[in-house]
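Enquirer: The structure that follows is given in the form of structure tokens.
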Amino acid sequence: MILQTQAVTKRFGGLIAIDQVSFEIRPGEILGLIGPNGAGKTTLFNTITGFFAPETGSIQLEGKEIVGLKPFDICSLGIARTFQLVKPFAKMSVLQNAMVGALSRTNHIRIAREVALDKLQFVGLYEKRHVLASALTISQRKRLEIVRALCTAPRLMLLDEVMGGLNLTEVRELLLLIEKMRAAGNTLFIIEHIMAAIMSICDRIVVLHHGQKIAEGAPRDVGSNPQVIKAYLGKEYVLAQNTKS
């Protein structure tokens, strides 16, 4: 397993944000994470990446315990992430933003530039390399966020609602990019509220509700799980799926 969590719990005062959550991520797969707002999804990402320390539980990257490590240490071990609120360095160029990620791996500007240019080409932002980040569309900013993470040479990528705010065409384009990332050797863990997207792209899905894992499995199984339908998907989702069938 590339990542394994065991009984991870995170509290904020009297609020239990994550409650005894355990799951595994297999090398090369795309694992989805869904649930209502406030279910604990981003808190789980923050805990995995070292921004929060869990009260109890274990988080292992390829067998190595990472609880207690700082975010930059976890990044150096091979876990990179994006954030819901995309905040590039607005007064820097697209290339310079990408180089920030690459410089986590090298002190040589030339090497960082080469890595950044390669990843910009990979995600389709090469032509925008000299443009200020402030001039990008929301879709392009989300791709830049992905580039910056890719430039850290991750073994596991955590994507936090990268499709939020995009139109249907942009969502489809981003799904193609995610598949391209997997084909290039990336393992991905994705939070997303667009069910058509998450159900089509993921190998497995974990469902959180009130901080607890209530389901895990293949998209079809999760989508028909009565507990998941009641807590998150709703009857409208089931009717829409039946209509498609």
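Enquirer: If Asn37 satisfies every condition in (1) polar (S, T, N, Q); (2) in contact with a strand residue (DSSP E or B) (Cβ under 8 Å, 6 or more places away or on another chain); (3) within 25 Å of Val222 (Cα to Cα); (4) surrounded by fewer than 16 Cβ atoms within 10 Å (Cβ to Cβ) but one, which is the exception?
Expert: Exception for Asn37: condition (2).
Enquirer: Tell me, please, whether a residue that is assigned to a helix (DSSP H, G or I), assigned by TED's automatic domain parsing to the domain that holds Ser200 and surrounded by 17 or more Cβ atoms within 10 Å (Cβ to Cβ) can be found in region 156-167. Before the answer, list the steps.
Expert: Taking region 156-167 and keeping what is assigned to a helix (DSSP H, G or I), we get none.
For region 156-167, residues assigned to a helix (DSSP H, G or I), assigned by TED's automatic domain parsing to the domain that holds Ser200 and surrounded by 17 or more Cβ atoms within 10 Å (Cβ to Cβ): absent.
Enquirer: Considering only region 87-117, state which residues are loosely packed, with under 15 Cβ neighbours inside 10 Å and assigned to a helix (DSSP H, G or I).
Expert: Result: Ile109, Arg110, Ile111, Glu114.
Enquirer: Which condition number does Ala153 fail, the rest of (1) small (Gly, Ala, Ser); (2) under 24 Å from Pro27 (Cα atoms); (3) assigned to a helix (DSSP H, G or I) being met?
Expert: Condition (3) is where Ala153 drops out.
Enquirer: Do you know which of the residues in region 169-218 that are assigned to a helix (DSSP H, G or I) and touching a Ser or Thr at 6+ places or on another chain (Cβ under 8 Å) is surrounded by the fewest Cβ atoms within 10 Å (Cβ to Cβ)? Even if it seems obvious, please write down each step before you answer.
Expert: Restricting attention to region 169-218, the residues satisfying the condition of being assigned to a helix (DSSP H, G or I) are 169-183, 195-201.
Among the residues that remain, those that are also touching a Ser or Thr at 6+ places or on another chain (Cβ under 8 Å) are: 170, 173-175.
Values: Glu170: 17, Glu173: 15, Leu174: 22, Leu175: 17.
Here the answer is Glu173.
Enquirer: For a quick check of your reading: which strands (runs of 3 or more DSSP E) sit entirely within region 1-57 and have at least 3 residues that are touching a residue at least 60 places away in the same chain (Cβ under 8 Å)? Walk me through it before giving the result.
Expert: Details: elements: 3-12, 15-25, 30-34.
Once the strands (runs of 3 or more DSSP E) in region 1-57 are filtered for at least 3 residues that are touching a residue at least 60 places away in the same chain (Cβ under 8 Å), what remains is 15-25, 30-34.
Enquirer: Please specify each residue of region 3-23 satisfying the condition of being over 19 Å from the mean Cα position of the chain (by Cα) and among the β-branched types (Val, Ile, Thr).
Expert: Thr9, Ile16
Enquirer: Same structure again: Scan (1) over 17 Å from the mean Cα position of the chain (by Cα); (2) not assigned by TED's automatic domain parsing to the domain that holds Glu192; (3) not β-branched (Val, Ile, Thr) for the single condition Ala53 breaks and write down its number.
Expert: (2)
The values are calculated or read from the model by the stated rules, or taken from the named source; none is laboratory data. Everything numeric in this text was worked out from a predicted model, so none of it was measured. Counting neighbours? That spans all protein chains shown, and the Cβs are built from the backbone with ideal geometry, glycine included.
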